[in-house]
Amino acid sequence: MKPKIIIDCDPGHDDAIAIMMACQLTEILGITTVSGNAPLDLTTDNALLLTELVGLNVEVHAGAEKPLLLPPRHAEEAHGKTGLDGPSRPKVKRSANSSDAVRFIIDTVRDNDDVWLVPIGPLTNVALAVQQAPDIVERVAGISIMGGSATVGNVTATAEFNVWADPHAASIVFSAGLQPFRMAGLNLTHKFGIDEQIITDLRGINNQVADFAADLFDFYLMSYQKRTRGQRVPLHDPCAVLAITHPELFEFELRNVTVETEGVYTRGMTVVDQRGWGDQPLNCEVAYEIDRDRGMQIFLETMETYTVS
Ligand code: BDR
Ligand code: CA
């Protein structure tokens, strides 16, 4: 049976790929959007566009317009002005089902057994949901996030974008007691890199979803490599989906993870206690290794399952 999930996202090139994969590999109960890579109206429009592209008939609910305490920050340098620059985009026909993503998350978890939360943007909506309805903590099947890092950051030396953008929300979510709690941070996603070959492979598939993904990658590779001086380009958000659907591809370690909300140099850092001793709660399964080749093969196979049009 496919796992039931709610995707909380800020599309975003890699969010888009995560949705395309989740559409085939999971049962998506709904998509919620958050301010992150781009302002909320754009991430919501992008999520709606993606549901139309992949033929996914689920509700889309817009969520938080800004982080809990900080002003909104976006990632135009990585994802362009629209959050999904690159492909030419058809006009979106549908609109969001509501602007209350938090209500949708709460109701869906209460009404369904074994729902996984899959946040792949800043954690504002999920933090508000567990604050407003603490009972959902016990009800979920688990949470699998893309965010944080056990090593380097990307926005700063120590902070990863999704946690950095709303560290107060991340702190609430990491300490809420959600279990299992899987973290695909930068230390992991940097091992799930894409290159020109993947674009060639996508172009060879010949369906409109794969073509759209290839157009996304053309932009994403170019913008990423400009900033990182040619390093391999990590495909972050799909790792949070694969961590549920294909956990055997990963090596996880149970760790205590807390979020720095105040530090002058470290705000937004996930502090991963790697000592392996002490009595701090082991609240997080931190992913350290991924079978990159098998993961990419699964990605390409899911893209092949879309019908040609
Ligand atoms: C994360 O930030 C965003 O730019 C990506 O979509 C991903 O979720 C990586 O730091
Ligand atoms: Ca994202």
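Remark: C-alpha extents of the stretch 4-304 on the principal axes read 53, 40, 37 Å, sorted largest to smallest.
Structure shown: which of Lys4/Lys81; Lys66/Lys91; Lys2/Lys66 lie over 27 Å apart, alpha-carbon to alpha-carbon?
Pairs exceeding the cut-off: Lys4/Lys81; Lys2/Lys66.
Database remark: amide H of Lys4 closer than 5 angstrom to the amide H of Glu27, Trp116 (H placed geometrically; neighbours at sequence offset of 5 or more, or on other chains; Pro and chain starts carry no H).
Quick one: length gained pulling Leu69 to His246 fully straight, 0.36 nm per residue minus the C-alpha distance? Let's see the in-between values first.
On the way: separation 177, 0.36 × 177 = 63.72 nm, distance 3.54 nm.
Taking 0.36 nm per residue and subtracting the Cα distance, the gain is 60.2 nm.
Inter-part distance, the stretch 27-67 to the stretch 250-283, computed on C-alpha centroids, equals 29 Å.
Our summary gives the stretch 4-304 a relative contact order of 20 percent, counting only alpha carbon pairs under 8 angstrom and 6 or more residues apart.
Based on the alpha-carbon gyration tensor of the stretch 1-136 and its eigenvalue square roots a ≥ b ≥ c, which shape applies: rounded if a/c is under 1.5, prolate if not and a/b is larger than b/c, or oblate? Display every interim value, and only then the final one.
On the way: a/c = 1.83, a/b = 1.19, b/c = 1.54.
Oblate shape, in that a/c is at least 1.5 and b/c is the bigger or equal ratio.
Per-residue Cβ neighbour counts within 10 Å put Met21, Met183 in the sequence Met21, Met183, beginning with the fewest.
The simple spin-label model puts a point 7 Å past each Cα toward its Cβ; for Asn206 and Glu301 those points are separated by 2.2 nm.
Here the 3J(HN,Hα) profile of the stretch 9-24, calculated from phi with Karplus coefficients 6.51, -1.76 and 1.60 at θ = phi - 60°, is 9, 9, x, x, 4, 6, 4, 4, 5, 4, 5, 4, 6, 4, 4, 8 Hz, Gly and Pro shown as x.
Taking amide H positions as modeled 1.01 Å from N, with prolines and chain starts lacking one, the residues under 5 Å from Asp100 and 5 or more places away or on another chain are Ala62.
Between amide H atoms placed 1.01 Å from N, distances below 5 Å from Val259 occur with Val271, all of them 5 or more places distant or on a separate chain. Between Tyr265 and Arg94, the contour length at 0.36 nm per residue exceeds the Cα-Cα span by 57.3 nm.
Cut-off is 10 Å between beta-carbons; in what order do Phe181, Phe174 appear when sorted fewest neighbours first?
Details: Phe181 22, Phe174 26.
Result, fewest neighbours first: Phe181, Phe174.
Using the Karplus relation 6.51 cos²θ - 1.76 cosθ + 1.60 with θ = phi - 60°, the per-residue 3J(HN,Hα) values for the stretch 282-290 come to 8, 8, 9, 8, 8, 7, 10, 10, 9 Hz, with x marking Gly and Pro.
Can you give the Kirkwood hydrodynamic radius of the stretch 150-266 from its Cα pairs, in Å with one decimal? Display every interim value, and only then the final one.
Values: mean 1/r = 0.0618 Å⁻¹.
With all distinct Cα pairs of the stretch 150-266 included, I get 16.2 Å.
The distance between label points at Ser175 and Met222 comes to 4.4 nm (points 7 Å beyond Cα on the Cα→Cβ vector).
Readers should treat all values here as calculations from the given coordinates under stated rules, not as data from a laboratory. As the structure is a computational prediction, the values presented were derived from the model and not from experiment. Positions of Cβ are backbone-derived with ideal geometry, glycine not excepted, and every protein chain shown enters the neighbour counts.
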